[in-house]
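The next block holds one structure in the form of structure tokens; read it before the comments.
The values are calculated or read from the model by the stated rules, or taken from the named source; none is laboratory data. From a predicted model like this one, the values you see are computed outputs, not experimental measurements. Cβ sites come from the backbone with ideal geometry, for glycine too, and all protein chains shown count toward neighbours.
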Amino acid sequence: MAAVGIVVALLVWMATLLLISIWKHIYSSWQLPPGPFPLPIVGNIFQLEFKNIPKSFTRLAERFGPVFTLYLGSRRFVVLHGYKAVKEVLLDYRNEFSGRGEIPAFRVHQDKGIIFNNGPTWQDTRRFSLTTLRDFGMGKQSNEQRIQREAQFLLGALRKTHGQPFDPTFVIGFAPYNVISDILFHRRADYNDKTALRMLSLFNENFHLLSTPWIQLYNNFSGYIRYLPGSHRKLMKNVSEIKEYALEGVKDHQRSLEASCPRDFTDTMLLEMEKEKHSTDPVYTLDNIAVTVADLLFAGTETTSTTLRYGLLILMKYPEVEEKLHEEIDRVIGPSRIPAIKDRLDMPYLDAVVHEIQRFIDMIPSNLFHEATRDTVFRGYVIPKGTVIIPTLDSLLYDSQEFPEPEKFKPEHFLNENGKFKYSDHFKPFSAEYNQ
């Protein structure tokens, strides 16, 4: 009898949960975009294929439209699928959806930095960082010279292989690492530097971990599984180690700082921190500067390194593209000088190949999460404050209306009928920010 009572109690409990879930869903979602019905506790987890979430989003968009609602656990998401929906939200509603959705795997950063920060310091830190990066050459000729110098070191490292097979992961990774490190710390590392190799290894491992089903599960159910063993612990350990490396670099700069002559990005941030030393609520603390530096080092290194490696694989698979590309390089640049940004105007095929590589590999299928900063009416729906917004970048990059046969690698996607480079507003490989 006791066993029967326990079973009945469990059934009643489960039925109650289901009824509460149904009531909450009906009450709270009648003004939300449509979407699949969420189950108690788990939400819509069974509607997603965690090994291929972009495919799941595409399938759901075909059923519910370009703007739909999902629940992962109790967390509410609104997914934007397709060019019009993504651009409309991030351009016309940029202020309403300017928040950053939390990513629990990076909670160790505690609302610091510029990538995974969802705290009150994010906008100030981001604005100041962009200005400072430009001051130290980003997008300017001085950065072109920095890249040209590092390219010579990369060529030297490649020549040392004497044409033998080798793993290019870290050899190629050193080039973008040193370019961004020079901006941040005014220093570069030799290609056998153990500390730099360790950082490159951590960057590479984290990039792979972030795409695993377990980390995606953790980011939506961290409250349930944070205490369990799993790769989320390894990711957070790696993130902490990268932050400690950045913090040591910041402290080293602090000891040798000269207010009249800032050497790099870190010095400039430290001088800003000095201006706030009497503030009761400073933005620029040592921790915030360290996490910002770590964010820039990771983002500036791993995305470029991964793109270059995939680019090499693609050129190996499509020798006819490589041959045509080589011909253009020989014709415009020749064997006796270093490439320069100005050459881009005379190299439409190279420009198209670089863009098509980034489109084709679809490195970041979903943009960093945004968040509704207030209750917002969008396309007749009411999206409550705190709702996480997911703009799907792959829906832009693989739009068959813009890129015919998108599953095929075709540099012609970015060339007009005259063979000139053709830019596409759908080309958003890393983020879907739009300017007015």
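For ASP111, work out the one condition from (1) outside any helix (DSSP H, G or I); (2) over 30 Å from ASP182 (Cα atoms); (3) in contact with a Ser or Thr (Cβ under 8 Å, 6 or more places away or on another chain) it doesn't fulfil.
(2)
Within the range 284-297, does at least one residue satisfy the condition of being in a loop (DSSP other than H, G, I, E, B) and surrounded by fewer than 18 Cβ atoms within 10 Å (Cβ to Cβ)? Please lay out each step first, then the result.
Going through the range 284-297, the residues in a loop (DSSP other than H, G, I, E, B) turn out to be 284-285.
Then keep just the ones that are surrounded by fewer than 18 Cβ atoms within 10 Å (Cβ to Cβ); that gives 285.
Yes, the range 284-297 contains at least one residue that is in a loop (DSSP other than H, G, I, E, B) and surrounded by fewer than 18 Cβ atoms within 10 Å (Cβ to Cβ).
With respect to LYS243, is the statement that it is outside any loop (DSSP other than H, G, I, E, B) and either on the phi > 0 side of the Ramachandran plot or surrounded by fewer than 17 Cβ atoms within 10 Å (Cβ to Cβ) (or both) true? Steps first, please.
On the way: outside any loop (DSSP other than H, G, I, E, B): yes; either on the phi > 0 side of the Ramachandran plot or surrounded by fewer than 17 Cβ atoms within 10 Å (Cβ to Cβ) (or both): no.
Against the criterion (outside any loop (DSSP other than H, G, I, E, B) and either on the phi > 0 side of the Ramachandran plot or surrounded by fewer than 17 Cβ atoms within 10 Å (Cβ to Cβ) (or both)), LYS243 does not qualify.
Would you point out which residue out of ILE364, ILE314 is in a loop (DSSP other than H, G, I, E, B), in contact (Cβ under 8 Å) with a residue 40 or more places away in the chain and not charged (D, E, K, R)? I'd like the intermediate steps shown before the answer.
Working: ILE314 fails: in a loop (DSSP other than H, G, I, E, B).
So the residue among ILE364, ILE314 that is in a loop (DSSP other than H, G, I, E, B), in contact (Cβ under 8 Å) with a residue 40 or more places away in the chain and not charged (D, E, K, R) is ILE364.
Can you tell me which residue is modelled with the highest pLDDT among those in the range 246-283 that are of a type in the set (A, V, I, L, M, F, W, C) and part of a loop (DSSP other than H, G, I, E, B)?
Restricting to residues being of a type in the set (A, V, I, L, M, F, W, C) and part of a loop (DSSP other than H, G, I, E, B), the top hit is LEU257.
Pairs, please: C-beta under 7 Å, at least 6 apart or cross-chain, first residue of a type in the set (Phe, Trp, Tyr) and in the range 273-289, second part of a loop (DSSP other than H, G, I, E, B) and surrounded by fewer than 19 Cβ atoms within 10 Å (Cβ to Cβ)?
What qualifies is TYR284/GLU276.
For the condition touching a residue at least 24 places away in the same chain (Cβ under 8 Å), farther than 15 Å from ILE390 by Cβ and of a type in the set (Asp, Glu), what is the one hit in GLU96, GLU49, GLU62? Break it down into steps so the answer makes sense when it comes.
Numbers: GLU49 fails: touching a residue at least 24 places away in the same chain (Cβ under 8 Å); GLU62 fails: touching a residue at least 24 places away in the same chain (Cβ under 8 Å).
Selected residue: GLU96, the only one of GLU96, GLU49, GLU62 that is touching a residue at least 24 places away in the same chain (Cβ under 8 Å), farther than 15 Å from ILE390 by Cβ and of a type in the set (Asp, Glu).
Identify all residues within the range 115-156 that are in contact (Cβ under 8 Å) with a residue 60 or more places away in the chain, under 29 Å from PRO168 (Cβ atoms) and either of a type in the set (A, V, I, L, M, F, W, C) or assigned to a loop (DSSP other than H, G, I, E, B) (or both); write none if there are none.
Matches in the range 115-156: ILE115, PHE116, LEU133, PHE136, ALA151.
If a residue must be within 22 Å of the chain's Cα centre (by Cα), in contact (Cβ under 8 Å) with a residue 40 or more places away in the chain and not in a loop (DSSP other than H, G, I, E, B), how many such residues does the range 384-434 contain?
Summing the residues that are within 22 Å of the chain's Cα centre (by Cα), in contact (Cβ under 8 Å) with a residue 40 or more places away in the chain and not in a loop (DSSP other than H, G, I, E, B) in the range 384-434 gives 8.
Take GLU322 and tell me if it is more than 18 Å from the chain's Cα centre (by Cα), among the charged types (D, E, K, R) and buried (at least 21 other Cβ atoms within 10 Å of the Cβ).
Answer is no for this residue.
Looking at the range 378-390, can you tell me whether even one residue there is over 25 Å from GLN123 (Cα atoms), polar (S, T, N, Q) and surrounded by 17 or more Cβ atoms within 10 Å (Cβ to Cβ)?
No, there is no match, as no residue in the range 378-390 is over 25 Å from GLN123 (Cα atoms), polar (S, T, N, Q) and surrounded by 17 or more Cβ atoms within 10 Å (Cβ to Cβ).
Which residue, of THR169, THR132, is of a type in the set (Val, Ile, Thr), crowded, with 19+ Cβ neighbours inside 10 Å and either in contact with a Ser or Thr (Cβ under 8 Å, 6 or more places away or on another chain) or closer than 22 Å to LEU257 by Cβ (or both)?
On the way: THR169 fails: crowded, with 19+ Cβ neighbours inside 10 Å.
None of the other options fit; the residue is THR132.
Go over the candidates GLY137, GLY99 one by one and state the one that is within 20 Å of LEU270 (Cβ to Cβ) and either acidic (Asp, Glu) or at pLDDT below 90 (or both).
Checking each option against the conditions leaves just GLY137.
Within the bounds of the range 180-194, is there any residue that is surrounded by 16 or more Cβ atoms within 10 Å (Cβ to Cβ), among the hydroxyl-bearing types (Ser, Thr, Tyr), in contact with a Lys or Arg (Cβ under 7 Å, 6 or more places away or on another chain) and assigned to a helix (DSSP H, G or I)?
Within the range 180-194, one or more residues are surrounded by 16 or more Cβ atoms within 10 Å (Cβ to Cβ), among the hydroxyl-bearing types (Ser, Thr, Tyr), in contact with a Lys or Arg (Cβ under 7 Å, 6 or more places away or on another chain) and assigned to a helix (DSSP H, G or I).
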